[in-house]
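Notes to accompany the following structure.
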Amino acid sequence: MFSWKSLPLIAVPDRWPVPVVATLAMVILAAIDLLGAVAAKQWALERQPRALALGTAAFLLLFWVYASALQYAELSLVTLGWIVVLQVGVLLLDRLRYGVDLPVDRWVAIALILGAQAYLLLAPSADQAPS
């Protein structure tokens with residue numbers, strides 16, 4: 001009988017630096033989340049059972065990868081990085097697949113928000129700042 005406790009978390013080699021593992025996790029989480037979002041959009045538009053199944057599988061996989069990533073990096077770092085990468089992916093998807101055109105002022109606002117989020121991710125924290 002299947003048990004969730006028997007599902008192992010993803011492991012990476014010990015020699016991989018934490019920033020590499022965290023960045024890889026952020027990109028993979030954003031890609032899986034984007035896949036799930038596309039499946040949800042298809043389900044909403046066409047009610048295809050295949051899209052529902054794909055979306056469900058994507059979000060279960062997302063949870064497993066997220067839990068695995070938290071073995072190596074901080075919750076806030078992984079989560080915020082994942083969201084920043086996801087936002088860029090959603091903007092590109094909307095532009096390229098769904099033909100959404102945003103005015104210049106919106107792009108400026110998006111760039112400012114992404115810049116602020118990147119600062120939160122990359123700026124040294126209080127315990128890392130030089131004294």
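The values are calculated or read from the model by the stated rules, or taken from the named source; none is laboratory data. Since the model is a prediction, treat every value here as computed from it, not as a measurement. As a convention, Cβ positions derive from the backbone with ideal geometry for all residues, glycine included, and neighbour counts pool all protein chains shown.
Laid out as a table, the results:
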item	result
Residues (of a type in the set (A, V, I, L, M, F, W, C) and either exposed (fewer than 11 other Cβ atoms within 10 Å of the Cβ) or within 12 Å of the chain's Cα centre (by Cα) (or both)) located in the stretch 79-99	LEU80, TRP82, ILE83, VAL84, VAL85, LEU86, VAL88, VAL90, LEU96
Residue that is surrounded by the most Cβ atoms within 10 Å (Cβ to Cβ), among those in the stretch 115-131 that are at pLDDT below 75 and not polar (S, T, N, Q)	ALA129
Residue list for the stretch 1-40, filter: assigned to a helix (DSSP H, G or I) and without any contact (Cβ under 8 Å) to a residue 24 or more places away in the chain	TRP4, LYS5, SER6, PRO19, VAL20, LEU24, LEU35, ALA39, ALA40
Residue in the stretch 41-61 that is under 14 Å from the mean Cα position of the chain (by Cα), β-branched (Val, Ile, Thr), surrounded by 11 or more Cβ atoms within 10 Å (Cβ to Cβ) and in a helix (DSSP H, G or I) present	no
Candidates TYR98, TYR119, TYR72, filtered to the one that is farther than 18 Å from ILE10 by Cα, of a type outside the set (A, V, I, L, M, F, W, C), outside any helix (DSSP H, G or I) and out of contact with any His (no Cβ under 6 Å at 6 or more places or on another chain)	TYR98
Which numbered condition SER76 fails, given (1) closer than 29 Å to ALA123 by Cβ; (2) surrounded by 16 or more Cβ atoms within 10 Å (Cβ to Cβ)	(2)
Residue match in the stretch 101-113 (condition: among the charged types (D, E, K, R), farther than 17 Å from MET26 by Cα and at pLDDT below 85)	no
Test for ASP33: is it exposed (fewer than 12 other Cβ atoms within 10 Å of the Cβ) and acidic (Asp, Glu)	no
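Condition check ((1) more than 22 Å from ASP94 (Cβ to Cβ); (2) of a type outside the set (A, V, I, L, M); (3) touching a strand residue (DSSP E or B) at 6+ places or on another chain (Cβ under 9 Å)) across all residues:
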{"residue": "ALA11", "(1), (2), (3)": "yes, no, no"}
{"residue": "TRP16", "(1), (2), (3)": "yes, yes, no"}
{"residue": "VAL21", "(1), (2), (3)": "yes, no, no"}
{"residue": "MET26", "(1), (2), (3)": "no, no, no"}
{"residue": "ASP33", "(1), (2), (3)": "no, yes, no"}
{"residue": "LEU45", "(1), (2), (3)": "no, no, no"}
{"residue": "ALA53", "(1), (2), (3)": "yes, no, no"}
{"residue": "ALA58", "(1), (2), (3)": "no, no, no"}
{"residue": "LEU62", "(1), (2), (3)": "no, no, no"}
